[in-house]
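The values are calculated or read from the model by the stated rules, or taken from the named source; none is laboratory data. On a predicted model such as this, the values are computed, not experimentally measured, just so you know. Here Cβ is always computed from backbone atoms with ideal geometry, including for glycine, and neighbour counts include all displayed protein chains. Quick note on the areas: whole protein, heavy atoms, side chains included, nothing else; ligands and nucleic acids left out. Shrake-Rupley method; radii C 1.70, N 1.55, O 1.52, S 1.80 Å.
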Amino acid sequence: QVQLVESGGGLVQTGGSLRLSCAASGRTFSNDAGAWFRQAPGKEREFVAAIKWSTGSTYYTDSVRGRFTISRDNAKSTVYLQMNNLKPEDAAVYYCAGRDGVVLFTAQSYYYWGQGTQVTVSS
């Protein structure tokens with residue numbers, strides 16, 4: 001059974017940084033896609049960033065490109081999201097997600113999910 005466990009959320013001031021981690025277990029992820037989504041109160045879950053495990057290719061939504069970096073550690077089966085220069089609009093519950101094969105950008109395309117971690121940004 002695949003499990004994704006996130007950690008690293010918290011409260012940070014505007015302009016600060018956080019690093020989220022997503023530890024995966026239950027299978028090998030050599031040909032999979034890992035992604036981060038976020039959901040703010042009253043809003044739909046939105047794509048933030050994704051990475052292809054096998055190649056390391058990365059993808060970002062426009063609002064975070066240049067500020068966030070997604071990476072993976074194959075040996076630890078862990079995906080990271082380094083978030084710099086955080087803004088109040090980045091505040092949300094962040095979810096780690098996974099799927100087989102190619103990287104896609106909609107939440108409905110992913111079938112492995114973590115429990116979510118809260119990111120709060122104070123102004």
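Output the qualifying pairs, or none if there are none: Cβ atoms under 8 angstrom, residues six or more apart or on different chains, first residue in the range 45-70 and more than 13 Å from Glu89 (Cβ to Cβ) and of a type in the set (Ser, Thr, Tyr), second residue open to solvent by 70 Å² or more (accessible area, probe 1.4 Å) and outside any strand (DSSP E or B). Taking only residues 6 or more apart or on different chains, the pairs are Ser54/Ser30; Ser54/Asn31; Tyr59/Phe105. Might you let me know whether the range 11-31 holds any residue that is open to solvent by less than 20 Å² (accessible area, probe 1.4 Å) and either hydroxyl-bearing (Ser, Thr, Tyr) or in contact with a Cys (Cβ under 6 Å, 6 or more places away or on another chain) (or both)? Yes; the residues of the range 11-31 include at least one that is open to solvent by less than 20 Å² (accessible area, probe 1.4 Å) and either hydroxyl-bearing (Ser, Thr, Tyr) or in contact with a Cys (Cβ under 6 Å, 6 or more places away or on another chain) (or both). Considering (1) part of a strand (DSSP E or B); (2) farther than 26 Å from Ser122 by Cβ; (3) open to solvent by 60 Å² or more (accessible area, probe 1.4 Å), the lone condition that Ala97 does not fulfil carries the number (3).
Take the residues of the range 105-123 that are open to solvent by 60 Å² or more (accessible area, probe 1.4 Å) and either at pLDDT below 95 or within 14 Å of the chain's Cα centre (by Cα) (or both): which is nearest to Gly10 (Cα to Cα)?
Kept after step one, since they are open to solvent by 60 Å² or more (accessible area, probe 1.4 Å), are these residues of the range 105-123: 105-106, 108, 111, 113, 115, 118, 123.
Next, from what is left, pick out any that are either at pLDDT below 95 or within 14 Å of the chain's Cα centre (by Cα) (or both): 105-106, 111, 113, 115, 118, 123.
Numbers: Phe105: 25, Thr106: 25, Tyr111: 25, Trp113: 19, Gln115: 15, Gln118: 6, Ser123: 14 Å.
Among residues in the range 105-123 that are open to solvent by 60 Å² or more (accessible area, probe 1.4 Å) and either at pLDDT below 95 or within 14 Å of the chain's Cα centre (by Cα) (or both), the one nearest to Gly10 (Cα to Cα) is Gln118.
Which numbered condition trips up Asn84, out of (1) out of contact with any Gly (no Cβ under 9 Å at 6 or more places or on another chain); (2) open to solvent by 50 Å² or more (accessible area, probe 1.4 Å); (3) at pLDDT 95 or above? (1) is the only condition that Asn84 fails.
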